[in-house]
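The structure appears right after this line, and notes come after that.
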Number of protein chains: 2
Amino acid sequence: MFKKIIFTIIILGCFNSFAQNKDFTQFVNPFIGTDKMGHTFPGATTPFGMVQLSPQTNFQTMYQQDGSYNPKTYAYCAGYQYSDSTIIGFSHTNFSGTGHSDLGDFLVMPTVGKLVLDPLKTESGEKGFISSFSHKNEMASPGYYEVKLDDYNIFAELTASDRVGFHQYTFPKSDEAHIILDMVYNVYGYDDKNVWTFVRVENDSTVTGYRQTHGWARTRTVYFVMQFSKPFKSYGHKKYDKAKYNGFYRKFNEEENFPEMAGKEIRAYFNFDTEENERISIKFALSSVSTKGAMKNLKAEIPHWDFEKTKAETHQKWNKELSKIEVKSLTTEDKITFYTALYHTMLSPIIYEDVDGQYRGLDQNIHTSDGFTNYTIFSLWDTYRALHPLFNIIHPQRNNDMIKSMLAHHDQSVHKMLPIWSHYANENWCMIGYHATSVIADALVKNVGDFDKNHALEASINTANVNYFDGIGDYKKMGFVPEDKSSSSVSKTLEYAYDDWCIAQIAKSVGNTEAEKEFLVRSEYFKNVYDPKIGYMRPKLSDGKFRKEFDPLDTHGQGFIEGNAWNYGLYVPQNLDEMIQMMGGKERFSKHLDSLFTMELDDKYIEKNEDITRDGIMGNYVQGNEPGHHIPYLYNWTGKDYKTQERVRIIMDKMYGSKQDGLCGNDDAGQMSAWYIFSALGFYPVVPGSPNYALGSPLVEEAILHLDNGNSVKIVAKNQSAKNIYVKSVSVDGKKLDRNYLTHDEVTMSKEIVFKMANKPKK
Amino acid sequence: MFKKIIFTIIILGCFNSFAQNKDFTQFVNPFIGTDKMGHTFPGATTPFGMVQLSPQTNFQTMYQQDGSYNPKTYAYCAGYQYSDSTIIGFSHTNFSGTGHSDLGDFLVMPTVGKLVLDPLKTESGEKGFISSFSHKNEMASPGYYEVKLDDYNIFAELTASDRVGFHQYTFPKSDEAHIILDMVYNVYGYDDKNVWTFVRVENDSTVTGYRQTHGWARTRTVYFVMQFSKPFKSYGHKKYDKAKYNGFYRKFNEEENFPEMAGKEIRAYFNFDTEENERISIKFALSSVSTKGAMKNLKAEIPHWDFEKTKAETHQKWNKELSKIEVKSLTTEDKITFYTALYHTMLSPIIYEDVDGQYRGLDQNIHTSDGFTNYTIFSLWDTYRALHPLFNIIHPQRNNDMIKSMLAHHDQSVHKMLPIWSHYANENWCMIGYHATSVIADALVKNVGDFDKNHALEASINTANVNYFDGIGDYKKMGFVPEDKSSSSVSKTLEYAYDDWCIAQIAKSVGNTEAEKEFLVRSEYFKNVYDPKIGYMRPKLSDGKFRKEFDPLDTHGQGFIEGNAWNYGLYVPQNLDEMIQMMGGKERFSKHLDSLFTMELDDKYIEKNEDITRDGIMGNYVQGNEPGHHIPYLYNWTGKDYKTQERVRIIMDKMYGSKQDGLCGNDDAGQMSAWYIFSALGFYPVVPGSPNYALGSPLVEEAILHLDNGNSVKIVAKNQSAKNIYVKSVSVDGKKLDRNYLTHDEVTMSKEIVFKMANKPKK
């Protein structure tokens, strides 16, 4: 007890920011997004932590018995669905909000009674190790999760440090208590993702090993150390694949108390005698490097068995990060929505290196980060939009490290490309564009970071010139991606043009006028896919002609990806004025926007879309997916700013909530949540790579940004209410703005930004 | 040219031993053992080198189409059979003489004409990339191999440094020249051994990657760098498995000019235009650590493109090692047999670390050798008998390093066991006993090495107490391994007892009398499996009674492994006098030996044995396999030394030869050859762990051992001839021996050992 008090004093002593007495974690509901298609997880993790220790509520195999795709799997990208009533265990890695699945490494499940190693059902039809649970016995807060496993009367608690998961199970009295380590389980379920697994029982309470998978990432390897607080009395494993230890000699009883297990599909178990309410804890450390690396992480981060201590430390870490935006005036509901969104913006990218800086690179060699912290999980098609811009405000040091991680990725890439989707020492090539250039440009124009600008330019230019990637060669030659050569060609052309504009900004910042000029030319290629005859962006073919068959409402096969010409066609952030001019001028364009938000979309246009559901749709506008996230703010370019103000308030109101179903689509590694944070504060980075934020309509009445530069910026929305959604004026440090955007300097270096709100639009 | 001359001077300058003007490599015929069951390879390697770059003449899948075992495969343990007339390529790793198969990594094949990626036949029935060849266009010498590939008119030359294979292909004129990198091929053939492979085309002439296999070794990973002397004009690969790069997006033409290839089964190709007689060279470096490690090895060992230079350096390395035993007087035939045997004793163990000392350990972590060179391939059931004793004479420093490698293996072993069969960071558990203890004891009693004796004792004691291993628990409890619990129980009991005696010797050398006493007790357990009623070692059951069913001639299911009670039952090296007494005394025992060598063995006793063929059998004595290698020398313990002299000369004469069929059984990592070297010199280490060598009948008339201690020992067999096979007397430095053995000090520290030979036995 004395020890604990001392510890608390030390922690509080270190935590000398203003926020030491405020608990923002109380407003985080980790269940938001766990119902329907948010794809978030409720488990325990630190801000940007390498471990995401979270319950897996069921499993779905990607392919059904008849070989067809199982549509149910899509809900399980983070392993948890709120509507489920069973848990199969707790795994150590989970994506937050992503649009595809992977991970789920190292499923741990405590049970009592007869040992059962099959998850759902045994061969003879008995129940598997899965347990029912009830939400009334479940609780989650940042860095902590608890649940009662009803079938076993086991109380499970989870917390985590950056690289170590910490389990605490309270057992009933039993001479048949087990802890199962299921090496087969993957998100989703038990599909054939495993390449190889290896488990070593080092002594009576320490287990090491690794798993290699081939899934969304082509070859992903995660090493671990698993340490029990109490020696197991016996252990064993069952192998579900045909790979034998040794084809010629079987000198051992390999299945019981044999300390080396390997193969494709293994489930291990560890047996204990337990007293009533006896606790058995497990520390489970990860590494991308080696089991030796995992052991280093374990010893450095949790050199004790005090679960409460780690829980408290992680709680403090979360509170420190959440306190960077101090919101004073929202309803509790909205505070929960706000702080959970803020929480969701810090679940990825994740730290991807051991405590000694070693990490596995894209070339599969072991590298040491020099002068930065290495990160992975860059879901860039999503996150360049608002998440990285948010980091430039509240996590500039981390964003700097992330950019350095992207440059290391480039250097290790055999293609010499910046990441498209960095995925645990793999590139999974998901979605389109090369938006790392946007992240770099955005940081540069905002003076964030000390990364090597020339290197960044070189890496960006290399990336934009990989001719064999996704139509780039044709794009460079012809000025557009031809649909007959590379599908989703309009989306690609539009995004390449924007990314090229970003490269021009990078070139400008290092004074390379030649490159700036070259990429400004490329940034205009969006014009090449606009068909003035019909007023839409439209797929062109190699012969230079627009394709005849074309439905601007269809999201499939019409030159777009996860969008249609109506909404995705508005993607020219780098030159909105010219796009609007091209589309008939401000008036006509604002009507296009009006129709977009109000039209009735036939079911046929959305029924095949996993990423776009009715929950996230307003007319033909899609908040539940990324490509249109800037659109509600485009009224600002038509002179009808008040319509932006209306739309964003409606979106915040209707499409975000404080309950488990509070996300209207995949959180997409934090982008959906970052949109909310910006919009709630009253501005949004419509054009990452420019220093400006378009004005919206703040939901907060008062918020204070506590920034790393030592400055605190107070944002006040005077007279704000559910009715007073219109911005009458904005002033910065007392000086009234004569424009409808804020600059990054104003957002980070002023003292006070005051919105005056009204119940009538300012036309 | 000038450069070359300079280089040669430098090399010769370094090589200041007596042998600088003598070429012993001329007497090495690398084809010995490539016909029938020698399991040797003819390709290019350095002494104890990590690369064995050798032709693969055919392939055999382990399982036939009907799922049954294909008996032909056994001939292909080293990938090459002399009777074949086709070559499918050149692979970089090959075991020498082992009794099971693995390796064959990274098969490279040059072709011209239409690209064909199937090895034997295409799907449409056309010929695969395999080529016919003829022995008249084939040549091999230490460190060099050449062959003409008839189907393509390509002249192939191979050499190697320790860690880098060097290919030189002379092409005809072609605009369709190809070099195929077949990542699927394994020894044997194309069975499902691959776990994962990864190939990266780093630039227009450099390729990196790795392969992970699950075969004899459970999880073996080899990394490589492949560098071409000329840029390829294009490249590609074909994947033969179902593992897709990415299940969701296919943004590339992955098959052509796409620099990342991965999957279970891949064949890559590289295309060239060639002029008539144009040479394309390849440097192919290996590493157990990483591609980065392989690159370090490449740069350190062959930083140039001078094939002849590397060939000359490797030739010199070989000559230096071969010159350690200078034989002056044999016929050319016998010199070829002798020096090829000597050559075969230096093909394994192999160096298993990168130039910077990093290597993959048994725990799959990366370690750095500290104060030693790390080795792998310890086929200890074979090699403790004569190979490691030979190393104690001519390679004491290497044997010291090997023992340190074994201790590192122990330290990394989760079982805390010394190696049984160390196999590329794996333990393959092949055969029985824990004979690393013998290697350690033998080095200790001979004062070889500076390894930590106490650590060696601790590791030995740990190993001998792993109760769950192969009957050890019962052996300790009951004094024997019970056949009903663990088969081959008599062989195990006998070998454990010998190994325990070795541990006692180690304990004695560090003054641990308690351990010495304990293990001396265990060393007597051989008595517990002797049935005096029938006069044979015989399997006992857990109830302490001998098993009723018993056939002392049968090698299957009678308590022995690869032997029967008649021959394997004579395995008590540590206490031969007592064994002989137990078996009825000297006279009766010598008659047992007479019968052993002269009886007619029914075919039924050998037909199921892969390891024992008629070629290697004399009566019921088996020279073609290891467990009886000491037996011909046992007459020395019966007073009938002359019979040993007769037997060993007959064995050397009949069972070794200078042609491709010159080995009567698997060379077993050099043990068969080491037997020959000792026997040809006139003595043999019947009891490794004692400092004594039993006298035989030298085949040499004169041999000089040039030892690392600076001493040269001349061995003279006066009056030796095919008829004068009997030893009349032996003197050391002029002093006549009054015993029938030599000591290690005499063999390594005297100046002259003189055998006087006669045509009549000395009775």
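The values are calculated or read from the model by the stated rules, or taken from the named source; none is laboratory data. None of the values given here were measured: they were computed from a predicted structure. Ideal geometry is used to build each Cβ from the backbone, glycine not excepted, and the neighbour counts take in all protein chains shown. Just so you know, the surface numbers come from the protein's heavy atoms only, side chains and all, with ligands and any DNA or RNA stripped out. Shrake-Rupley method; radii C 1.70, N 1.55, O 1.52, S 1.80 Å.
Among the residues of the stretch B:481-491, those that are open to solvent by less than 10 Å² (accessible area, probe 1.4 Å) and either within 14 Å of chain A (Cβ to nearest Cβ) or assigned to a loop (DSSP other than H, G, I, E, B) (or both) comprise B:481, B:482, B:489, B:491. Could you say whether any residue in the stretch A:277-290 is part of a helix (DSSP H, G or I), of a type in the set (Val, Ile, Thr) and away from every other protein chain (no Cβ under 14 Å)? No; the residues of the stretch A:277-290 include none that is part of a helix (DSSP H, G or I), of a type in the set (Val, Ile, Thr) and away from every other protein chain (no Cβ under 14 Å). Taking residue B:737, is it among the hydrophobic types (A, V, I, L, M, F, W, C) and under 19 Å from residue B:686 (Cα atoms)? Yes: the conditions hold for residue B:737.
With respect to being among the aromatic types (Phe, Trp, Tyr) and more than 14 Å from chain B (Cβ to nearest Cβ), residue A:475 falls outside the description. Looking only at residues of the stretch B:204-216 that are facing chain A (nearest Cβ under 9 Å) and farther than 15 Å from residue B:265 by Cβ, we find that the one that is modelled with the lowest pLDDT is B:216. Filtered by the rule that a residue be closer than 25 Å to residue A:229 by Cα and buried (at least 20 other Cβ atoms within 10 Å of the Cβ), the stretch A:95-115 gives A:104, A:105, A:106, A:107, A:108, A:109, A:110, A:111, A:112.
Pairing each residue of the stretch B:345-373 that is free of Cβ contacts under 8 Å to residues at least 60 places away in the same chain with any residue that is open to solvent by less than 20 Å² (accessible area, probe 1.4 Å) and among the basic types (Lys, Arg), provided the two are 6+ apart or on different chains, yields C-beta distances under 8 Å for B:363/A:200.
Counting the residues of the stretch A:433-458 that are within 27 Å of residue A:709 (Cβ to Cβ) and either in a helix (DSSP H, G or I) or of a type in the set (Gly, Ala, Ser) (or both) gives 16.
Is there a residue being crowded, with 24+ Cβ neighbours inside 10 Å, touching a residue at least 24 places away in the same chain (Cβ under 8 Å) and either aromatic (Phe, Trp, Tyr) or not assigned by TED's automatic domain parsing to the domain that holds residue B:718 (or both) anywhere in the stretch B:272-281? Among the residues of the stretch B:272-281, not one is crowded, with 24+ Cβ neighbours inside 10 Å, touching a residue at least 24 places away in the same chain (Cβ under 8 Å) and either aromatic (Phe, Trp, Tyr) or not assigned by TED's automatic domain parsing to the domain that holds residue B:718 (or both), which makes the answer no. Looking at the structure I just gave you, is residue A:257 under 24 Å from residue B:416 (Cβ atoms), open to solvent by 40 Å² or more (accessible area, probe 1.4 Å), in contact (Cβ under 8 Å) with a residue 12 or more places away in the chain and facing another protein chain (nearest Cβ under 9 Å)? Yes, satisfied. The residue of the stretch B:7-41 that is modelled with the lowest pLDDT, among those that are closer than 20 Å to residue B:100 by Cβ and either exposed (fewer than 15 other Cβ atoms within 10 Å of the Cβ) or not aliphatic (A, V, I, L, M) (or both), is B:36. Given (1) touching a Leu at 6+ places or on another chain (Cβ under 8 Å); (2) within 14 Å of chain A (Cβ to nearest Cβ); (3) open to solvent by 20 Å² or more (accessible area, probe 1.4 Å), where does residue B:434 come up short, assuming only one miss? For residue B:434, the failing item is (3). Among the conditions (1) assigned to a loop (DSSP other than H, G, I, E, B); (2) open to solvent by 40 Å² or more (accessible area, probe 1.4 Å); (3) within 24 Å of residue B:689 (Cα to Cα), residue B:557 misses just one, which is (3). Test of understanding: among A:328, A:292, A:311, A:324, which residue is basic (Lys, Arg) and under 30 Å from residue A:219 (Cα atoms)? The unique qualifying residue is A:292.
Looking across the stretch A:453-472, the residues that are open to solvent by less than 20 Å² (accessible area, probe 1.4 Å) and within 14 Å of another protein chain (Cβ to nearest Cβ) come down to A:463, A:466, A:469, A:470, A:471, A:472. Looking only at the stretch B:339-353, decide whether some residue is open to solvent by 40 Å² or more (accessible area, probe 1.4 Å) and away from chain A (no Cβ under 14 Å). No - not one qualifying residue is present in the stretch B:339-353.
When residues of the stretch B:718-742 are filtered for being of a type in the set (Lys, Arg) and farther than 22 Å from residue B:330 by Cβ, how many remain? Matching residues across the stretch B:718-742 total 3. Note on the stretch A:514-554: among residues that are outside any helix (DSSP H, G or I) and aliphatic (A, V, I, L, M), the one that is surrounded by the fewest Cβ atoms within 10 Å (Cβ to Cβ) is A:534. Are any of the residues in the stretch B:665-688 surrounded by fewer than 21 Cβ atoms within 10 Å (Cβ to Cβ) and in the same structural domain as residue B:744 (by TED's automatic domain parsing)? Checked the stretch B:665-688: no residue is surrounded by fewer than 21 Cβ atoms within 10 Å (Cβ to Cβ) and in the same structural domain as residue B:744 (by TED's automatic domain parsing). Among the residues of the stretch B:502-513, is any crowded, with 24+ Cβ neighbours inside 10 Å and either within 14 Å of another protein chain (Cβ to nearest Cβ) or out of contact with any helix residue (DSSP H, G or I) (no Cβ under 8 Å at 6 or more places or on another chain) (or both)? No. Applying the criterion of being without any contact (Cβ under 8 Å) to a residue 60 or more places away in the chain and open to solvent by less than 20 Å² (accessible area, probe 1.4 Å) to the residues of the stretch B:733-752, the residue that is farthest from residue B:693 (Cα to Cα) is B:750.
Do we have residue B:440 as open to solvent by less than 10 Å² (accessible area, probe 1.4 Å), at positive phi and of a type in the set (A, V, I, L, M) here? Against the criterion (open to solvent by less than 10 Å² (accessible area, probe 1.4 Å), at positive phi and of a type in the set (A, V, I, L, M)), residue B:440 does not qualify. Among all residues of the stretch B:603-620, there is at least one that is crowded, with 19+ Cβ neighbours inside 10 Å and touching a strand residue (DSSP E or B) at 6+ places or on another chain (Cβ under 7 Å). Within the stretch A:219-228, being crowded, with 24+ Cβ neighbours inside 10 Å and within 10 Å of chain B (Cβ to nearest Cβ) holds for one residue alone: A:223.
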